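Student: Before anything else, here's the structure in question.
What follows is calculated from the coordinates using simple rules that are stated; it is not laboratory data. Keep in mind it's a predicted model, so treat the numbers as computed, not measured. In this analysis, Cβ positions are derived from the backbone assuming ideal geometry, glycine residues included, and neighbour counts consider all displayed protein chains.
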Amino acid sequence: MLCCEGARGNQVPSYVPATRRINKQAVALNKKEATMQTKKRDLAEIILRNTIFMTVAGWILKLANFFYLIVVIRLLGEHGYGQYATVLAFVGMFGVFFELGMTQYVERSLARGEGTIRDLLGNLIALRLLLALAALLVLPPVALLFGYEPILITGVLIYTGIFVLAAFLMPLISILNASERFDAVASLQVRSQLLGIGAGLTVLLLGSGFLGLLWVGYLVLPLQILMTLQSIRRLGIGPLQVKLQVREWPLLLKAGVPFGLTSLALTFNFHADTVILSALRSSSEVGWYSAAYGLIFKLVAIADGLLLTMTPSLAREHITDPERVRVWTSETVTWLLFFGLPAAVGLSILGTPIAILLFGESFGPSGPVLMLIAWDIPLLLFTAFCGSTAVAVGLEWPAAAIYLVSTTLNIILNLIFIPMYGIMAAAAITVFTDGVSAILFLWLLGGRMQFTRIASRMFRIVVASAIMGLAVLLMSGFNLFVAMFTGVFVYGVLALALRLIDQQQLRQGIAKFRK
């Protein structure tokens, strides 16, 4: 209707001379083209805006979660934290079988306009709910077969019950993600996680142990569901009509397979080492390893805002302008290296004093693990980014194959070497298999990343990181804080001197965000 009205509005009366009619039509056409041009999606602007919203909120959360992690580890100790990490890893590893990638598929479909909320939401919730109930029946007996002690089996049962609530929450979150309302997602994350941190600290101080931490989800998730519903209604997204179409369930399950395989590979890759350690080594060793690995994840999580916001934005842009996706992708790779490589260098030198400072003297064995697994930071950043890019451009099947190869290799090597070398083997294998994933993603997406254009900047980042590492090594014998300050200062100076930061591009990005 609006299109018809617009067409009528551009008509010229027949009594106007032909030359004037042609001129007016040309002017009208030019105005229309100009309007369309101004409305053209600016991929960098959209992703930058959403990333800043997610990153600012993420900084708040990550700062809170960082101190929360330290408090949890210190209060539970290496044995209690090892038990807690075992439950999270076990349920996390097998839990992917009870989601099967459907949520990611629905999110991408909504972002591309390939389906409606009414057609997809009800089916997604129903299938996830059925799978969650199946998980409650399956996972505790599997934990028993693993030889876990009763307290761990109880923890598995408690934590698996969260799947029922997640069956309602995650589809609602996917609606906000697909609509690119990451400001709302960020707000929800801040409120819910701060609530979770407060409740978690309360149960720990009351002496409830790691089982008390697992019960916190039953308080937080219902409130998060209510807040998400409120946000969706306030933003006018929807309507949220639930329509069950049982005949469509096989198609939805099939469509989610490549996403599910990717999630399966990732979760096994992240958690298999912890689960194998829990079956072969003491809970204290699991605690030492998980403390170091958890710290790495906190650092890598800085990129969460970017990775979460880019997938739906790239999915839409790839349909209309693939070349812009190619340019933006190559730029992002250099930024990930800019942050990831110096972090790896610094931690590989200062890992032991940092572990003791954060977690206490009893976590001294975490130091060597942290020094080794620090090199996983740039690899994790790169592979996570490549995975999101592959999904956005329709290469989810090759991405799933890459993750499956890496995960299979990870499990085999862990089963061989963990019995002999324990937590150091787990750390080394993690870095090695993520390196394999990075190489395979280079083969898959290398042509899209235009490495010849960014090779010079990447080389300068490597040089700056090496010089920074030498400075940190020279100062490491004096004081931890002096060494850390020296590293940050030297790298900052080198970043400016070697022009690792494009100041003009940064100013343009800030200007676009302000608009």
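Student: Give me P(r) over region 209-254, computed from all C-alpha to C-alpha distances, binned every 5 Å, as integer percentages.
Tutor: 5, 15, 13, 12, 14, 18, 14, 7, 2, 0
Student: Say the dipole of region 165-279 comes from +1 at the beta carbon of Lys and Arg and -1 at that of Asp and Glu; which of ALA184, ILE232, PRO222 then lies farthest toward its positive end?
Tutor: ILE232
Student: Report the full-extension gain for the segment LEU480 to LEU223: residue separation times 0.36 nm, less the Cα-Cα distance, to one decimal in nm.
Tutor: Taking 0.36 nm per residue and subtracting the Cα distance, the gain is 88.4 nm.
Student: Taking θ = phi - 60°, what integer Hz values does the Karplus form 6.51 cos²θ - 1.76 cosθ + 1.60 yield along region 128-145, in sequence order, with x for Gly and Pro?
Tutor: For region 128-145, the Karplus curve yields 5, 5, 5, 5, 5, 5, 5, 4, 4, 7, 9, 5, x, x, 5, 4, 5, 5 Hz.
Student: Need one number: nm distance between label points at LEU251 and ARG499, each 7 Å from Cα along Cα→Cβ, rounded to one decimal.
Tutor: 5.4
Student: Simple spin-label model, 7 Å along Cα-to-Cβ: VAL462 to SER362 in nm?
Tutor: The modelled label-to-label distance comes out at 4.3 nm.
Student: Would you mind ranking HIS271, HIS79 so that the residue whose beta carbon has the fewest other beta carbons within 10 Å leads the list?
Tutor: Neighbour counts put them in this order, fewest first: HIS79, HIS271.
Student: Among VAL246, VAL472, rank each residue by its count of other Cβ atoms within 10 Å, from fewest to most, as a rough exposure measure.
Tutor: Starting with the residue having the fewest Cβ neighbours, the order is VAL246, VAL472.
Student: Over the C-alpha atoms of region 214-287, what are the Rg and the largest Cα-to-Cα span, Dmax, in Å?
Tutor: Reported Rg and Dmax, both Å: 19.3, 52.
Student: Further question on the same structure: Computed over the Cα atoms, what is the radius of gyration of region 79-228 divided by 2.2 N^0.38 Å, N being its residue count?
Tutor: Output field value: 1.12.
Student: Further, regarding this structure: Give me the one-decimal nm value for the distance between modelled label points at LEU145 and PHE97, 7 Å along each residue's Cα-to-Cβ direction.
Tutor: Calculated label separation equals 0.7 nm.
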